[in-house]
Structure formats: structure tokens, C-alpha cells
1. When the range 90-107 is examined, which residues are found to be farther than 20 Å from A47 by Cα and either under 8 Å from the mean Cα position of the chain (by Cα) or part of a helix (DSSP H, G or I) (or both)?
2. Regarding V56, is this residue in a strand (DSSP E or B), hydrophobic (A, V, I, L, M, F, W, C), at pLDDT 95 or above and crowded, with 24+ Cβ neighbours inside 10 Å?
3. Do we find a residue being of a type in the set (D, E, K, R) and either in contact with a strand residue (DSSP E or B) (Cβ under 9 Å, 6 or more places away or on another chain) or closer than 25 Å to S270 by Cβ (or both) anywhere in the range 19-30?
4. Can you tell me how many residues within the range 108-158 are in a helix (DSSP H, G or I), of a type outside the set (D, E, K, R) and under 30 Å from K266 (Cβ atoms)?
5. Would you check if there is a residue in the range 78-85 being over 11 Å from the mean Cα position of the chain (by Cα), of a type in the set (F, W, Y) and over 24 Å from K272 (Cβ atoms)?
6. If I filter the range 211-225 down to residues being under 25 Å from K265 (Cβ atoms) and not aliphatic (A, V, I, L, M), which single residue comes out as modelled with the lowest pLDDT?
7. Could you say which residue among I208, I190, I182 is surrounded by fewer than 18 Cβ atoms within 10 Å (Cβ to Cβ), modelled with pLDDT of 95 or more and either part of a helix (DSSP H, G or I) or touching a Gly at 6+ places or on another chain (Cβ under 8 Å) (or both)?
8. Taking the range 22-58 as the region of interest, how many residues are of a type in the set (D, E) and either under 30 Å from C191 (Cβ atoms) or in contact with a helix residue (DSSP H, G or I) (Cβ under 9 Å, 6 or more places away or on another chain) (or both)?
Amino acid sequence: MIHTDNNRTVNVNNLGISYTDENTSMAQSIIFIHGFPLNKSMWENQAKNLKETHRVITYDIRGHGNTNNGGEKYSIELFVNDLIGLMDALNIEKTILCGLSMGGYIALKAITEYPNRFKAVILCDTNCTADSPETIANRKRNVEIIETGTVGKYADESLKKFFTANSLTENKTIAELVRDMIIETSKSSICKTLLALAEREETCSKLIGIKVPALILVGREDQVTPPDAAKLMHESIKSSTLHIIEHAGHLSNLEQPVEFNDQLKKFLSSIKH
């Protein structure tokens with residue numbers, strides 16, 4: 001796992017949320033929401049690249065990284081409540097959101113429920129549709145496998161979907177870091193989150209209401225949320241820009257960080273303070 005020196009904890013919704021907060025003096029903030037079943041350290045490269053121009057916050061979703069599990073049943077709505085609670089605790093009235101995969105589901109739900117709290121949104125390797133019956137069945141099957149076995153097999157299967165074949169052989173360091181993040185997530189949290197993802201509602205019908213600037217990024221070879229899913233969101237969000245990242249799978253920020261960061265910076269420079 002990538003470890004940061006800047007870990008802090010704040011109490012939100014009776015939960016100790018672990019977060020990093022870089023350059024608090026900057027007026028413009030951006031909050032990064034990680035994918036499943038990873039943690040905030042997946043954004044370390046982006047945080048390092050943006051901290052000269054922005055207040056950069058990364059945090060661990062409940063049950064992931066260093067944020068404790070909490071007793072409730074998980075849902076995207078609960079994760080959104082945690083996000084809004086974190087913003088309130090840090091006195092952030094309005095921010096830019098960047099979410100990847102599950103982080104994108106949370107970002108979409110948050111911006112449609114609390115439109116006045118966000119200046120812009122960056123949606124990475126995610127989609128607005130609910131799970132298909134086949135995907136739901138697969139998630140429930142994974143819950144059974146994890147509950148009766150180890151997380152290791154699930155982690156190995158996930159890596160095949162997360163990265164391009166080339167990265168799995170040529171960039172083993174990143175693949176190992178991601179595997180470690182998955183292994184370090186508790187079985188309970190993985191299972192509870194899988195069920196939350198399976199039960200989430202679609203947000204496609206609400207995208208037309210997003211008026212703030214939006215950047216949609218997707219890896220050309222993303223198997224989990226392919227470019228067609230990104231194009232669907234782009235067509236519905238009139239204020240959006242779509243960019244497809246070549247030679248990247250589902251974790252485009254880790255696989256092609258230079259290209260990803262260039263697109264982020266270009267977009268962020270267009271947002272008025």
C-alpha cells in the first residue's frame with residue numbers, strides 16, 4: 001500500500017473517517033473518492049500533482065483503508081451522507097468532486113441530491129446505470145466466495161478486470177499495490193459494499209439536471225465500465241467533456257497517471273474560483 005504522511009481522522013456520523021488534507025490555505029478545494037475495494041492512497045499521485053494549485057482532500061470510505069466499518073447496512077446513500085458530513089466537518093461549503101468507479105457512483109448521487117454543494121464534477125471509469133441482473137448475481141456469488149474463503153482469489157480476479165494485460169506484465173508494482181489494498185480491506189466491508197453496489201439505483205435519468213462543468217474520463221480498455229458507459233453520461237450532461245485515455249483499463253489514474261493528470265489540470269484550470 002502507498003502510505004501518506006498526512007493521515008488525519010475526523011468524527012462524522014459516529015465514524016472515524018481517515019483523510020488527507022493538502023494545502024488548506026487554497027480557496028479552491030477538490031475531494032477525491034476512491035474505487036472499490038481500494039482506499040484513498042490510490043489518489044496519491046494526483047494529490048501530489050495538484051496540491052500547488054488546490055486544497056486536495058482524499059478520504060477512506062467507511063470500511064475501507066483506515067476508516068472503521070460502522071455498524072449500519074451499507075448503501076450509496078449512506079456513503080453520500082458520510083461525504084456531506086466530511087465536507088461539513090472540514091467547513092467546505094462547495095467543492096469539486098472527483099470519483100472513480102464506486103467513487104463515481106457516490107459523486108453522481110451526491111451532485112444530484114446536493115447540487116448546491118459542488119462547483120464541478122470529474123467522473124472517472126464509472127457509469128450511471130444500475131447493475132444488470134447478471135452483475136447482481138455475480139456480486140452475490142462473490143459475497144459467498146469471500147465469506148467462505150479468502151479475499152486473495154477475489155483480489156486476483158479483480159486485477160484481471162482492473163488493468164490492461166500489458167500493465168499486469170509490465171507494471172507489476174502498481175498491480176501489487178492494488179492487490180494489497182484489496183487484501184487489507186476486511187471481508188465484512190467487501191461483502192457489505194458488494195451488496196450496496198448491487199442495490200444502488202440508476203442516476204442516468206437525473207444527469208440532465210447537472211449544470212456544473214463535468215469531465216468524464218475513461219480508459220479505452222476499461223472492461224468494468226467501458227467507454228460506451230462514459231459516452232452515455234456525456235450525452236446526458238450538457239456541460240460535460242469526454243476524454244478517453246489510451247492504453248488504460250478501469251484504474252486509468254494509476255495506469256496512465258501523466259495523461260490522467262494532464263486532463264485533470266486542463267479541466268481544473270477552466271473552473272472559476
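1. Initial filter on the range 90-107 (farther than 20 Å from A47 by Cα): 93, 105.
Within the range 90-107, Y105 is the sole residue that qualifies.
2. The answer is yes for V56.
3. yes
4. Of the residues in the range 108-158, 6 are in a helix (DSSP H, G or I), of a type outside the set (D, E, K, R) and under 30 Å from K266 (Cβ atoms).
5. For the range 78-85, residues over 11 Å from the mean Cα position of the chain (by Cα), of a type in the set (F, W, Y) and over 24 Å from K272 (Cβ atoms): present.
6. Out of the qualifying residues, it is K211.
7. Just one listed residue meets the conditions, I208.
8. Taking the range 22-58 and keeping what is of a type in the set (D, E), we get 22, 44, 52.
Pick out the ones that are also either under 30 Å from C191 (Cβ atoms) or in contact with a helix residue (DSSP H, G or I) (Cβ under 9 Å, 6 or more places away or on another chain) (or both) and you get 22, 44.
Adding up the residues that qualify gives 2.
The values are calculated or read from the model by the stated rules, or taken from the named source; none is laboratory data. Keep in mind it's a predicted model, so treat the numbers as computed, not measured. Every residue, glycine among them, receives a Cβ derived from its backbone with ideal geometry; neighbour counts consider all protein chains shown.
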